[in-house]
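Below: one structure, written as structure tokens.
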Amino acid sequence: MARGVSGEAVVRAHETSVFPRELDKAYPLIERAEGVWLYDAAGNAILDAVGGGAMVTSLGYGVRELVEAAREQAGRIPFVYNLRATTPPQERLAAELVSIAPEGFGRVHFVTGGSEANELALRLARSYHVERGETSRWRFVTQAQAYHGPTWATLALTGRPGLQRPYEPYLSPQLHIPPSTWRFDPTGEAALEALDRAIEEAGPETIAAFFSEPVSAAALPAYSPPERFWRGLDERRREHGFLVCLDEVVTGMGRTGTWFAADQLPLVPDVITTAKGLGAGYAPIGAVLCRDELYEAVAAGSRSFEHGHTWDGAPLSCAVALAVVAYLKSHRLVERVRERGPRLREELQAALRGSRIVREVRGRGFLLGIDYADPSDGTSFLDPALRVASRVDEEALRRGLLVYSTQPTADGYAGDQTLLAPAFVSSDEELALIVKRVADTVEAVEASLPS
Amino acid sequence: MSSTETRMSAAELQEAARDHLWLHFTRMAGYRESELPVIVRGDGCYLEDVNGKRYLDALAGLFSVNIGYGFGEEIGEAAAAQMRELPFYINWTYAHPRSIELAAEVAGLAPGDLNRVFFVSGGSEAVEAAWKLARQYHAARGERRWKAVARRIAYHGTTMGALSINGIAQLRTPFEPLVPDVVHVRNTNRYHRPDGETEEEFTAFLLEDLESAIEQAGTDTVAMVIMEPVQNAGGAFTPPAGYFRGVREICDRYGILLCADETITGFGRVGDWFASTRYDIRPDLITSAKGLSSSYGVIGALIASDRVMEPFLEGTKMYAHGMTFGGHPVQCAVALKNIEIMKRERIVERVRENEERFRRTLSQLLELEIAGDLRGAGYFWALEIVKDKATKETFSPEECEWLLRDFLSPRLFERGLICRADDRGDPVIQISPPLVAGPAQFDEITGILGDVLAEAWTKFTSR
């Protein structure tokens, strides 16, 4: 008999035919969802404070317009390969994205998710240089703690030994600089120095692009390097001729209160990738947007950008994303995130003020982060053996709340943290409940720690 | 072109060189118009070119002619005798007397328990062999380690593996993609460190950088740390007190092999047979080449400790590396004779005896406006030149180009002094004469350098 169909509210590894991601975990069996609430097989309601667990469902569940758009397009034409043909949804979605992208971004290439978008951005950056005859440019520089995906090429972009180790030495050797967090480098100067040294050591003529999230999600929840860093990066880009690629897989499509988080930075990137909020969980879709100059390099060169996956730009996914954009606009949700976000952060800060282990509550729009520290000095990371991140996730779930905590990393750049990414449609009551449950969760975890 | 039966004239040499010879690390365009110096003979510390012009060779060939140019007769005899006896045989499965004798000789001179010698044909090959051996050593013990840690601006050779280890970006980038996973850490250049930093603080700073780089790379992935006892590129960076003790401790803490690249420093350059002895480095591996034969032959060696050899002494294990010419009998005979001469002439002892005098003589140059720092040991010195002595401000790349290539190199050549103006790091003049040089040569080197550097400063400031 097939496993996983027992009618229980949780599924464990030995009970299922699925190859699960964590073999020791009991996965809640979620049967349906409505608004910002998930319901498991036993009928328990779980408040979703992190977009379906992965910063995806920014419009919540059961949005009739999205379901309708998918149904309608599936009936009309769900798929035709974009190497052979294009479709109205792809054409219209590209035009929509160009209209909301930063000035000078004139082209969009669709993929089916965030890793693919970043993978494509790597190839686009490399292709741009090759098309222009600068074939020596192949290296990418990232912040060590960053996460850009689990595929072979995107995994090479992260500087986290724990993630990379099993696959070494078969990942391409990219360059990493330390993130300029308050702990190590509050001004951004140390990161710039590290960037200079990395560029000089590798040879400036070998650098293809700097790759970064404008506001970090899972890696360093809601953290963004200080303005000085971005300005310094811009100076170095001009001096050395590399590109700046922004990974907006999480932050794109309004998450931080502007269509793209890039809109809030003091530099214009060359490439933007986006994914999660574009399909909002109703379709697997991602996109790479680039400045006209990159397109022009291909246009003046080989006139071919050979990179394709079957489902890239599929009409069904594009139709759903079009409906997402329309919904965001008609309900003025980006504006709501921009206006409501700062207050949400303040509410969360106030609710966590009494906590001894919370060092900082950060936030941009509806992307919030809680950074924990050792209460003995208020600065050091908590002992990883305390498993605070895991305990927060477990305790939250017990209290009917879905959050995303970041595990401490072995390299010493990040300790335990929690990420919140509520749906833009969350009501004030639901946001208040999220804040309350987070505070209760942290309090309970804190109380359970050995003093 | 057919081969020439008779010797070429000076003019014919120029023409043939222009048409056929590809010089190493040389901008060939420079010789389209101007004449290529053709060296025809040498004696002691001096060379003579095809036009009869004499030069004091303050670079010992390339940090390599340790016994100077005067022993060709004696070593030539040894080479000829070996040619008659056995011109060639290999060193795999079989061996021959000269490779065995030289291995025993080198093991006797090497520090501590570095008792096992693997012969190669030069420094690059030795470094290549060291990295491969380090990887296989760990694999033989059930560990998968492959990364190498080296220092910034350090030069370790030109073959792909050794090149990847190099800390000089300009040499690496034309050949990418290279062998991956080399981490570069700070070198022991102290001149540009903040004022007031003590030697102890400097050492701690360097060791912290090394350890954090190893942690970042993954402590259980690093196979080897490779360092020159005194780093050549950048200009004779000597280690601060306690540095190598700390490096050794870090390597031990994480199970990493420590390789001392003694391609230059081996065989007397800093007044010991190996600089590892002088600085008490206690490496697991030593790479050696240049001075091993004083460049009379083409031979290098990788010297391994008993501990490194151990896993290879069991069962079916073998170090899967080798080359036809490794331990070539004629090269071994040359190296043996070179060592015999070095011992007989007390060459290593003389370096130690003369070191202070050499340093004192050279340090007169520090009175020059352009001279910022004099550093080194034994017969291995570098003078860093600066734009502003007070601030230690260095020259821009354009200024370096003019100073080193347009002015200093041709003027030193004119004055008959061969030394190296190098700007792989901050610009330095490298002084590394044959180990048979004495006070007369110290004075001559210092005199010419003093004149030319003073002139350089005048020209530079009025540019």
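Taking the range B:112-207 and the strands (runs of 3 or more DSSP E) fully enclosed by it, the elements with 2 or more residues that are of a type outside the set (A, V, I, L, M, F, W, C) and either within 11 Å of chain A (Cβ to nearest Cβ) or at negative phi (or both) are at B:114-120, B:147-151. Taking the range B:425-445 as the range and being assigned to a helix (DSSP H, G or I), surrounded by fewer than 19 Cβ atoms within 10 Å (Cβ to Cβ) and of a type outside the set (D, E, K, R) as the test, the residues that pass are B:Pro439, B:Ala440.
Number of residues in the range B:396-430 that are among the small types (Gly, Ala, Ser) and without any contact (Cβ under 8 Å) to a residue 60 or more places away in the chain: the value is 3. Out of everything in the range A:374-401 that is within 12 Å of A:Ile46 (Cα to Cα) and out of contact with any helix residue (DSSP H, G or I) (no Cβ under 6 Å at 6 or more places or on another chain), what residue ends up being surrounded by the fewest Cβ atoms within 10 Å (Cβ to Cβ)? Step by step, filter the range A:374-401, then rank; the result is A:Arg398. Scanning the range B:261-269 turns up one or more residues that are assigned to a loop (DSSP other than H, G, I, E, B) and either without any contact (Cβ under 8 Å) to a residue 12 or more places away in the chain or among the polar types (S, T, N, Q) (or both). When A:Leu233, A:Leu278, A:Leu246, A:Leu267 are screened for being closer than 17 Å to A:Leu195 by Cβ and within 12 Å of the chain's Cα centre (by Cα), only A:Leu246 passes. The single condition among (1) within 23 Å of B:Ile347 (Cβ to Cβ); (2) surrounded by fewer than 19 Cβ atoms within 10 Å (Cβ to Cβ); (3) in contact with an Asp or Glu (Cβ under 6 Å, 6 or more places away or on another chain) that B:Tyr69 does not satisfy is (2).
For the residues A:Ala321, A:Ala283, A:Ala287, the requirement of being assigned to a helix (DSSP H, G or I) and either within 22 Å of A:Leu419 (Cα to Cα) or of a type in the set (Gly, Ala, Ser) (or both) singles out A:Ala321. Here the condition is being touching a helix residue (DSSP H, G or I) at 6+ places or on another chain (Cβ under 6 Å) and among the aromatic types (Phe, Trp, Tyr); of B:Phe460, B:Phe407, it holds for B:Phe407 alone. For the range B:212-239, the candidate set comprises residues that are of a type in the set (Val, Ile, Thr) and within 14 Å of another protein chain (Cβ to nearest Cβ); within that set, the residue that is surrounded by the fewest Cβ atoms within 10 Å (Cβ to Cβ) is B:Thr219. Of the candidates A:Ser317, A:Ser330, the single residue that is surrounded by fewer than 21 Cβ atoms within 10 Å (Cβ to Cβ) and at pLDDT 95 or above is A:Ser330. Here B:Val348 passes the criteria (1) among the β-branched types (Val, Ile, Thr); (2) farther than 25 Å from B:Ala437 by Cβ; (3) in contact (Cβ under 8 Å) with a residue 40 or more places away in the chain except the one numbered (2).
In summary, A:Gly52 fulfils each of the numbered conditions (1) modelled with pLDDT of 95 or more; (2) part of a loop (DSSP other than H, G, I, E, B) with the single exception of condition (2).
Against the conditions (1) within 19 Å of B:Leu417 (Cα to Cα); (2) part of a helix (DSSP H, G or I), B:Asp19 satisfies every one except (1). Residue-level check: of (1) out of contact with any strand residue (DSSP E or B) (no Cβ under 6 Å at 6 or more places or on another chain); (2) more than 15 Å from A:Glu200 (Cβ to Cβ), B:Gln170 misses just (2). Comparison of A:Thr441, A:Thr409 shows that the only residue that is within 14 Å of chain B (Cβ to nearest Cβ) and either touching a residue at least 40 places away in the same chain (Cβ under 8 Å) or closer than 30 Å to A:Tyr282 by Cβ (or both) is A:Thr409.
Against the criterion of being surrounded by 21 or more Cβ atoms within 10 Å (Cβ to Cβ), within 14 Å of another protein chain (Cβ to nearest Cβ), touching a Leu at 6+ places or on another chain (Cβ under 8 Å) and not β-branched (Val, Ile, Thr), A:Ala208 qualifies. Residues considered: A:Glu227, A:Glu189, A:Glu235, A:Glu193. Of these, the only one that is surrounded by fewer than 20 Cβ atoms within 10 Å (Cβ to Cβ) and either among the basic types (Lys, Arg) or within 14 Å of chain B (Cβ to nearest Cβ) (or both) is A:Glu193. Look at the range A:100-124: where a residue is surrounded by 24 or more Cβ atoms within 10 Å (Cβ to Cβ) and a partner is basic (Lys, Arg) and assigned to a helix (DSSP H, G or I), sitting 6+ places away or on another chain with Cβ atoms under 8 Å, you get A:Gly114/A:Lys276.
The values are calculated or read from the model by the stated rules, or taken from the named source; none is laboratory data. These numbers come from a predicted model, not from an experiment. A quick note on method: Cβ atoms are made from the backbone with ideal geometry, for glycine too, and the neighbour counts reach across all protein chains shown.
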